[in-house]
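Let me begin by handing over the structure; questions about it come next.
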Amino acid sequence: MAVQTVESTTNSVDLGPAAALSCRECGHRVPLGPVFACEECFGPLEIAYDFSSYGAEELRERIEAGPANIWRYAPLLPVPADVADKPNINPGWTKLVQADNLARELGVEPGKLFVKDDSGNPTHSFKDRVVAQALEAARAFGFTTLSCSSTGNLAGAVGAAAARAGFRSCVFIPHDLEQGKVVMAAVYGGELVGIEGNYDDVNRFCSELIGDPAGEGWGFVNVNLRPYYAEGSKTLAYEICEQLGWRLPDQIVVPIASGSQLTKIDKGLQELIRLGLVEDRPYKIFGAQAEGCSPVSTAFKAGHDVVRPQKPDTIAKSLAIGNPADGPYVLDIARRTGGAVEDVNDEQVVEAIRILARTEGVFAETAGGVTVGVTKKLVENGVLDPSKTTVVLNTGDGLKTLDAVAGTGLTATIRPSLESFRDAGLV
């Protein structure tokens, strides 16, 4: 994938190296603004940059001297140079865990398997990255309310970021989300609205609200701010490569909801190559879905280019997007890099959550169970090379999806005596 670099278009906002919005389909360019669809072909818009003044060594030194959060990569993001001084939740620089115990469990060579654990972000999911980025765009465009359609994690991230920055927030979720995610989204004091239906119904409603006077002054992070919001996922690619010593992973396994995270990770890797920050060599990207919501996996296995929508039915609710906007682009990337898109059922998701917790002390939410479960399946099927450096994403904290492992509990209940301890067979 070519990295888009253009000469700056005259804009009234300061978003650093961001030069314009460019259509992913036809290449039509427009000035930076709160728009997300091409006026020529209705294709998705994304950020095009002017990186022409950067030298590799100077840029690397600047990044390494930056803060221990995503703003160390400000020169590569659509944000002002002083972004680190503004009130934001400052996510990122999460742990890259060398997962040797998990590697032994899955049949991967020692020293080759890593878990990028994004549960360490402020609201315990990777969504803090994209929301922090969208918040800066909302500031630039003068919005006063931060909003979103969400399967749970995004709602909490928007609530927290808005509270920190002094914005009003109003977020919309399916009415039947996990209670833990509902509480976490509501605790920040913003308005939380349940919509009768699934995520795709929520998203359609938000698109209608944007076009109505009632939505004036509202920045919907994953709709009219989507081109900026999506760029936050690139920071996962940047961090992984920097934490590996400025080198590309050979293989990376990414969960698929809308598919945006996977496509932007690929974009981030391509940018690092083009800027000379990492050596240009092949890498493979694998997508992971839950069987109960696997439209991209289904299309990949059938050899199709069109992703047919599905009605979600899975415990992995954070991935339950039946009509993923970036699905076709995920197919392109998986095929171009020699990767694949695979899925696992709910039972395998739960098993994978427990395996990761038991082997590495990382408690993943159901999306993390999907990526670990798919990694296990890919190794068993001979699709993923166990001798290559592989990074698996855990995008959220298991405390958010406790229902998935509700059967886990006490080993035994004993009286406070050594005799009772021995009788329980614990010696």
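The values are calculated or read from the model by the stated rules, or taken from the named source; none is laboratory data. Note that this is a predicted model, so its numbers are computed, not measured. Backbone-built Cβ (ideal geometry, glycine too); neighbour counts: all protein chains shown. Heavy atoms of the whole protein, side chains included, go into the accessibility calculation; ligands, DNA and RNA do not. Shrake-Rupley method; radii C 1.70, N 1.55, O 1.52, S 1.80 Å.
Which members of segment 48-60 meet the condition of being in a helix (DSSP H, G or I) and open to solvent by less than 20 Å² (accessible area, probe 1.4 Å)? Let's see the steps before the verdict.
The first filter runs over segment 48-60 and keeps only residues in a helix (DSSP H, G or I), leaving 56-60.
Result: L59, single match.
Each row is one residue, and each column tells you yes or no for (1) closer than 28 Å to L402 by Cα; (2) of a type outside the set (V, I, T).
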| position | (1), (2) |
| --- | --- |
| A299 | no, yes |
| R308 | no, yes |
| K317 | yes, yes |
| P324 | yes, yes |
| Y329 | no, yes |
| I333 | no, no |
| R336 | no, yes |
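So, one more: Of all residues in segment 52-64, count the ones that are modelled with pLDDT of 95 or more and touching a helix residue (DSSP H, G or I) at 6+ places or on another chain (Cβ under 8 Å).
The total comes to 4.
So R164 fits all but one of (1) in a helix (DSSP H, G or I); (2) within 22 Å of A74 (Cβ to Cβ); (3) basic (K, R); (4) touching a helix residue (DSSP H, G or I) at 6+ places or on another chain (Cβ under 8 Å); what number is the exception?
(4)
Among the residues of segment 143-166, write down those that are open to solvent by 40 Å² or more (accessible area, probe 1.4 Å) and modelled with pLDDT of 95 or more.
Of all residues in segment 143-166, those open to solvent by 40 Å² or more (accessible area, probe 1.4 Å) come to 144, 163-164, 166.
Answer for segment 143-166, where residues must be open to solvent by 40 Å² or more (accessible area, probe 1.4 Å) and modelled with pLDDT of 95 or more: A163, R164, G166.
Can you find a residue that is open to solvent by less than 40 Å² (accessible area, probe 1.4 Å), aliphatic (A, V, I, L, M) and touching a residue at least 60 places away in the same chain (Cβ under 8 Å) anywhere in segment 36-45?
Yes, segment 36-45 has at least one match.
Residues in segment 120-142 that are open to solvent by 20 Å² or more (accessible area, probe 1.4 Å) and assigned to a helix (DSSP H, G or I): how many?
Our first condition is that a residue be open to solvent by 20 Å² or more (accessible area, probe 1.4 Å); within segment 120-142, this holds for 120, 122, 124, 126-127, 139-142.
Remaining after also requiring assigned to a helix (DSSP H, G or I): 120, 127, 139-140.
The qualifying residues number 4.
So in segment 61-71, with the set limited to residues that are open to solvent by less than 40 Å² (accessible area, probe 1.4 Å) and in contact (Cβ under 8 Å) with a residue 24 or more places away in the chain, which one is farthest from Q270 (Cα to Cα)?
Of all residues in segment 61-71, those open to solvent by less than 40 Å² (accessible area, probe 1.4 Å) come to 63, 66, 69-71.
Among the residues that remain, those that are also in contact (Cβ under 8 Å) with a residue 24 or more places away in the chain are: 63, 69-70.
Numbers: I63: 17, N69: 21, I70: 18 Å.
The selected residue is N69.
Moving on. If you check V223, V187, which single one turns out to be out of contact with any Asp or Glu (no Cβ under 8 Å at 6 or more places or on another chain) and under 22 Å from L399 (Cα atoms)? Spell out the reasoning first.
On the way: V223 fails: under 22 Å from L399 (Cα atoms).
The unique qualifying residue is V187.
Let me ask something else about it. Of everything in segment 81-110, what is surrounded by 17 or more Cβ atoms within 10 Å (Cβ to Cβ), of a type outside the set (V, I, T) and not in a helix (DSSP H, G or I)? Give them in sequence order.
N88, N90, P91, G92, W93, L96, A99
Name the residues in segment 291-308 that are open to solvent by 10 Å² or more (accessible area, probe 1.4 Å), of a type in the set (V, I, T) and within 16 Å of T263 (Cα to Cα), would you?
V307, the sole residue that qualifies.
Look at P78 and say whether it is of a type outside the set (V, I, T), farther than 30 Å from R358 by Cβ, part of a loop (DSSP other than H, G, I, E, B) and in contact (Cβ under 8 Å) with a residue 24 or more places away in the chain.
yes
Within segment 327-427, which helices (runs of 4 or more DSSP H) (wholly inside it) include 1 or more residues that are of a type in the set (V, I, T) and open to solvent by less than 10 Å² (accessible area, probe 1.4 Å)? I'd like the intermediate steps shown before the answer.
Numbers: elements: 327-337, 346-360, 366-380, 418-423.
Output list reads 327-337, 346-360, 366-380.
For (1) more than 27 Å from V130 (Cα to Cα); (2) over 17 Å from the mean Cα position of the chain (by Cα); (3) free of Cβ contacts under 8 Å to residues at least 24 places away in the same chain, each residue gets a yes or a no:
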site: I321; (1), (2), (3): no, no, no
site: V341; (1), (2), (3): no, no, no
site: L356; (1), (2), (3): no, yes, no
site: T371; (1), (2), (3): no, no, no
site: P386; (1), (2), (3): yes, yes, no
site: N394; (1), (2), (3): no, no, no
site: G398; (1), (2), (3): no, no, no
site: G407; (1), (2), (3): yes, yes, yes
site: A412; (1), (2), (3): yes, yes, yes
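Of the residues that make up segment 232-246, is at least one in contact with a Gly (Cβ under 7 Å, 6 or more places away or on another chain), of a type in the set (S, T, N, Q) and touching a residue at least 40 places away in the same chain (Cβ under 8 Å)?
Yes, because at least one residue in segment 232-246 is in contact with a Gly (Cβ under 7 Å, 6 or more places away or on another chain), of a type in the set (S, T, N, Q) and touching a residue at least 40 places away in the same chain (Cβ under 8 Å).
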